[in-house]
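Notes follow the structure.
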């Protein structure tokens, strides 16, 4: 996501886009939990668009600025015992978890819509400004696609683990519990895999999605 060889302005712009994307992602978790009856995150000041309360020094600052191709924010606390009557803890945690990746999809679609408008209509007399905005929007779209894909990986503590847990058939429960008990070890391996092998399943999936995004944009421009 951040290229260590990029100029300082580009690094700052991309980092700002990352912070915005992660802030909305974490807000979505907090807001959804609140709507389901759990105000834990709201009471802790996490149901806000203020990025400062969501920043993780390592995941939101150090890693991205060092060139690691993604980042994360502080996880939003959720207490399933505080969900409203009639909402099971499993369902509540599933909805709260998936709200994060959905927020990234919404951001990507919003960015794609703006990209189409900029390409379809000549809104700026300065071509350099238009090209710069197009680049920013492309980065914003691809960033949110990457965050959605990454967070849907069924590995603890990613959102995908909560989603997978909700849909996991009973027959596969023992194997799933054994997988969950590995904790963050699979996540560490997933992060190190590209550097060790040059292969990144998350990046490959992101590129596949972005290929379809560009196809949609092209379709609107024809």
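The values are calculated or read from the model by the stated rules, or taken from the named source; none is laboratory data. What you are looking at is a predicted structure, and each value in this text was computed from that prediction instead of being measured. For neighbour counting, all protein chains shown are included, and Cβ atoms are generated from backbone atoms with ideal geometry for every residue, glycine included.
Checking each residue in the range 168-182 for being touching a helix residue (DSSP H, G or I) at 6+ places or on another chain (Cβ under 9 Å) and either in a helix (DSSP H, G or I) or under 21 Å from residue 113 (Cβ atoms) (or both) picks out 176, 179, 180. Residues in the range 60-83 that are in contact (Cβ under 8 Å) with a residue 12 or more places away in the chain, more than 15 Å from residue 33 (Cβ to Cβ) and surrounded by fewer than 18 Cβ atoms within 10 Å (Cβ to Cβ): 65, 66, 67, 68. Name the single residue, out of those in the range 36-49 being in contact (Cβ under 8 Å) with a residue 12 or more places away in the chain and over 20 Å from residue 83 (Cβ atoms), that is farthest from the chain's Cα centre (by Cα). Result: 48. As a summary of the residue check, residue 83 satisfies the conditions (1) farther than 15 Å from residue 140 by Cβ; (2) modelled with pLDDT under 95 except for the one numbered (2). Exactly one residue among 131, 216, 155 is in a helix (DSSP H, G or I) and either closer than 25 Å to residue 71 by Cα or in contact (Cβ under 8 Å) with a residue 12 or more places away in the chain (or both), and that residue is 216. So which residues in the range 183-200 are within 18 Å of residue 165 (Cβ to Cβ) and assigned to a loop (DSSP other than H, G, I, E, B), if there are any at all? Within the range 183-200, 183, 184 qualify. The lone criterion from (1) surrounded by 17 or more Cβ atoms within 10 Å (Cβ to Cβ); (2) in contact with a helix residue (DSSP H, G or I) (Cβ under 9 Å, 6 or more places away or on another chain); (3) within 20 Å of residue 63 (Cβ to Cβ) left unmet by residue 157 is number (1).
Of the set (1) in a helix (DSSP H, G or I); (2) more than 20 Å from residue 141 (Cβ to Cβ), all apply to residue 102 but (2).
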